[in-house]
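Novice: Quick one: the structure is below, questions incoming.
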Amino acid sequence: MIGTTLLKVLEGSLSGDRALAYTSEIARFHRAKGSSDYQDAIGYIRDKLVEWNLEKIVVEKYPADGLATYQTWTPPPAWEPVRADLSLVHPEVRHICSFETEPMCLVFGSTSTPSQGLILDVVDIGDGAGDQAYAGKEVYGKVVMTSGSSRAAFRLAVKKRGAIGVLTDYMPRQNASIKRTPWDLPDAVSYASFPVTNEDMGKTAFGFSLSLRQAEEIRRLLRNGPVKVKARVEADLFSGDIKILTGVIPGTETSGEVVIISHLCHPKPGANDNASGCGLAMELARSISHAIADGNLNRPKHSIRFMFVPEMYGTIAYLERHPGLSKKVKAAVNLDMVGEAKEAMSVANLVSTPWSLPSALNDVATYYMDRVARRGDNFGRTEPGLDWLYDITGFSGGSDHYVLVDSSYAIPCVYLGHWPDRFYHTNMDTIQRVHKEELLRSGLVAGATILTFANPCPDNIRLMYSLIASGAEQRITKYMNETYLKKLTGENRDKKESKEEILNAYERGRLLLEKELATVDSVLRHVPRENIAEARKIVKKIKGNIKTVFKTSCEKMRLFTGLSESSGHTHVLKESESFQDQVYSRLFRGPLSLDYFYGRMDERSREHYHKRERDDPSFQWRLTEVMNFMDGKRTLGEIASLVSAEYPGLIVADLENFIKDLKTLKTAGLISLVKKL
């Protein structure tokens, strides 16, 4: 069962209303890692999986004490918030916020004050971004007020200078185009956390996240004189554990699995992020299990594993405990923020696997998104209008797929969610902003995609080949056409730059071709052993066709630009670059934790990386792919070309600094120089 036939069966089984109901239940819990509410949420989901007859339902525990480390990832200590209140006591007396009525206000990682509370002076440190923010200001034993992040204030004000508390109205990921700024949402309270470690247990340090309206009132008072606040906090930072829930719909064979993963952690309400992903995963578990039991779906060959995890920390911990899983899992879908209603001003988003992990999964998921977008006419409408706006993007991280696709695990996984989101990581991410129809659409895409790989029958294998062949040809043609059309329309009027751009296009096109050919090869891992010989013949023909398309595109480029690839290549790293021939091997598994990496830098170096992240949205993913391509065989020159092809605009200095920092900081042991050619 494939294509629209499969979608129709799923539509008869999946319920957007049920997914919304499960989402609503999960959103009742304040799901801090290691907390009793997180445990209660796990229990709620577990009971449902039992009710729906899933098998191998297991809750695994992993230490979360700020010491236990999974490769470069160290989960913070478990955190149990109980109550918290913040009040103004001078020059006015007024209640500001309470954890009981606004759970988002208490910064994650805050610890208890004395039971009677603390009355403390407030010092405004502006954005608190560097040491200059503290010049001439005494913050020891006081509360700092910042427009910057709670994490920076904790590091520089609390840990370095002895402040006791932090007040912040920082809103991350501001986006004026969707009216996501503090001025557009003056009453929004943002999710904030401290980068706490084992050393912070038993110490007093608290934080409150405020709305712009609340913060501006305090700043107004500070301009006229001293301000005092009273904070009373009961919250425990302790040696606990993080919990991962898994359940399985068994397949007819035990040789493989497919995975649906969603992260359960995040503050209350966290309805779209990510009660929606967990609620939809639950509904997929229920509907697929029942459809199999009712005879509407055949039991798939591969088992379907459902994973509910603490975001990223839980995923890498699970993979480290189950090292054989990476070879067993054929495909995965990460559900994160899947139910946004229209007022979130968001778009359904499919994030592809990186170039370092070519996979048929991308084209299959894209196909089903397109079919669902045409669902208004029985999944087959051909006119331009679509019922669903969606976007297909290249690789970026930020959720659990980021761990799975890392080259040390190499589990093909796409992210299915929504981005941007006006109410992301705020108290306004409520159940009223989750829509049942959007959950249903996302569920149809996820369900059809995962069932395609769970059942690698001849029809599904042919579907993969067909989608890859057409997708590869379109991507290559589109890229090469865009390049020469840009020259013809005069968008780049500098002749030297125009020539370099054309020559770069040939190189990037060649690397894109290699990636597409590897994607065709990726289907072979899904083909039964007895059919491999015939499959290789098909692969050879498809690859030949793709090569022909690339050759034709190059000929068109030469015809319209007068430049050929033989005119000379431009490479990201010149021959004069001293490190271009160096070959490195990475010595750790999983993506490099930025807390680990940045935590071993001085403040100046750390701020340099943060600035590059702010200036260039692709900066972090370029560095991620540098590590993914670092296999002990490729030179840095080859890696630079690959990464620059995937994310145009690689700055050589970024690569050079990154390699230098990996070798010289307190991160020794992360990479090893294999040889220099």
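Novice: From the cross-link list Lys328/Lys663; Lys230/Lys342; Lys301/Lys541, which pairs have alpha carbons spaced over 29 Å apart? If you can, show how the numbers build up before the last one.
Specialist: Details: Lys328/Lys663 33 Å; Lys230/Lys342 40 Å; Lys301/Lys541 27 Å.
The pairs that break the limit, which is 29 Å between Cα atoms, are Lys328/Lys663; Lys230/Lys342.
Novice: What is the spin-label model distance, in nm, from His90 to Leu559 if the labels are put 7 Å beyond Cα along the C-beta direction?
Specialist: Inter-label distance under the simple model: 8.2 nm.
Novice: For the chain, with all protein chains present and a 1.4 Å probe, just round the carbon and sulfur fraction of the accessible area to a whole percent.
Specialist: Numbers: 13660 of 27670 Å².
C and S atoms contribute 49 percent here.
Novice: Among the complete DSSP H segments of the chain, which ones combine at least 20 Å of alpha-carbon extent along their axis with a mean Kyte-Doolittle hydropathy of -1.0 or more? Don't skip to the answer; put the middle values down first.
Specialist: Working: long enough: 36-51 (22 Å, -0.68); 276-293 (25 Å, 0.77); 436-454 (26 Å, 0.72); 458-488 (45 Å, -0.47); 495-522 (40 Å, -0.90); 532-561 (43 Å, -0.21).
Span-like helices in the chain: 36-51, 276-293, 436-454, 458-488, 495-522, 532-561.
Novice: Along the stretch 58-75, what does the Karplus equation 6.51 cos²θ - 1.76 cosθ + 1.60 (θ = phi - 60°) give for ³J(HN,Hα), rounded to whole Hz, x for Gly and Pro?
Specialist: 9, 10, 9, 10, 10, x, 10, 10, x, 10, 4, 10, 10, 6, 9, 9, 10, x
Novice: Using the structure shown, select from Lys478/Lys537; Lys327/Lys543; Lys203/Lys666; Lys33/Lys142; Lys515/Lys547 the pairs with a Cα to Cα distance greater than 18 angstrom.
Specialist: Details: Lys478/Lys537 27 Å; Lys327/Lys543 25 Å; Lys203/Lys666 26 Å; Lys33/Lys142 28 Å; Lys515/Lys547 12 Å.
Violating the 18 Å limit, Cα to Cα: Lys478/Lys537; Lys327/Lys543; Lys203/Lys666; Lys33/Lys142.
Novice: Here's another thing I want to ask about it. Each label point is 7 Å from the Cα along the Cα-to-Cβ direction; what then is the distance between the points at Lys547 and Ile392, in nm?
Specialist: 2.5 nm
Novice: Given 0.36 nm per residue, what is the gain on full extension from Leu222 to Asn531 after removing their alpha carbon distance, in nm? Spell out each step's value before the answer.
Specialist: On the way: separation 309, 0.36 × 309 = 111.24 nm, distance 7.48 nm.
Working it through step by step, the gained length comes to 103.8 nm.
Novice: So with the 1.4 Å probe, I'd like the accessible area per residue for the chain, rounded to whole Å².
Specialist: Numbers: 27670 Å² over 677 residues.
I get 41 Å² per residue for this part.
Novice: OK, next. Just checking the chain: which Cys have no other cysteine's beta-carbon under 4.7 Å?
Specialist: Cys265, Cys278, Cys413, Cys457, Cys554, each lacking another Cys Cβ under 4.7 Å.
Novice: Suppose a student asked you for the relative contact order of the chain, using Cα pairs under 8 Å spaced at least 6 residues apart; what percent would you report? Working shown, then result.
Specialist: Details: 1338 pairs, mean separation 102.4, N = 677.
Value for the chain: 15 percent.
Novice: Where in the stretch 111-140 does the label zone of Arg614 land, with the point 7 angstrom along Cα→C-beta and an amide N cut-off under 20 Å?
Specialist: Counting only backbone N, you get 124-135.
Novice: Rounded if a/c is under 1.5, else prolate if a/b beats b/c, else oblate: with a ≥ b ≥ c from the C-alpha gyration tensor eigenvalues square-rooted, which is the stretch 97-184? Before the final figure, lay out the partial values.
Specialist: On the way: a/c = 2.28, a/b = 1.21, b/c = 1.89.
Since a/c reaches 1.5 but b/c is at least a/b, the shape of the stretch 97-184 is classed as oblate.
Novice: With n ≥ 4 as the cut-off for DSSP H runs, can you work out [θ] at 222 nm for the chain, using -39500 (n - 2.57) per run divided by the number of residues, rounded to the nearest 500?
Specialist: Details: 19 runs with 262 residues, N = 677.
The per-residue figure over the chain is -12500 deg cm²/dmol.
Novice: From Cα coordinates alone, what are the radius of gyration and Dmax values for the chain in angstrom?
Specialist: Expressed in Å, the Cα Rg and Dmax of the chain come to 26.2, 82.
Novice: Are there any GluC sites (Glu not before Pro) in the stretch 1-101 that are in a DSSP loop and have at most 13 other Cβ atoms within 10 Å? List them by number. Working shown, then result.
Specialist: Details: sites: Glu11, Glu25, Glu51, Glu55, Glu60, Glu92, Glu100; in loops: Glu92, Glu100.
Passing sites in the stretch 1-101 are Glu92, Glu100.
The values are calculated or read from the model by the stated rules, or taken from the named source; none is laboratory data. Fair warning: this is a prediction, and the values are worked out from it, not measured in the lab. Ideal geometry is used to build each Cβ from the backbone, glycine not excepted, and the neighbour counts take in all protein chains shown. For accessibility, only protein heavy atoms count, side chains too; no ligands or nucleic acids. Shrake-Rupley method; radii C 1.70, N 1.55, O 1.52, S 1.80 Å.
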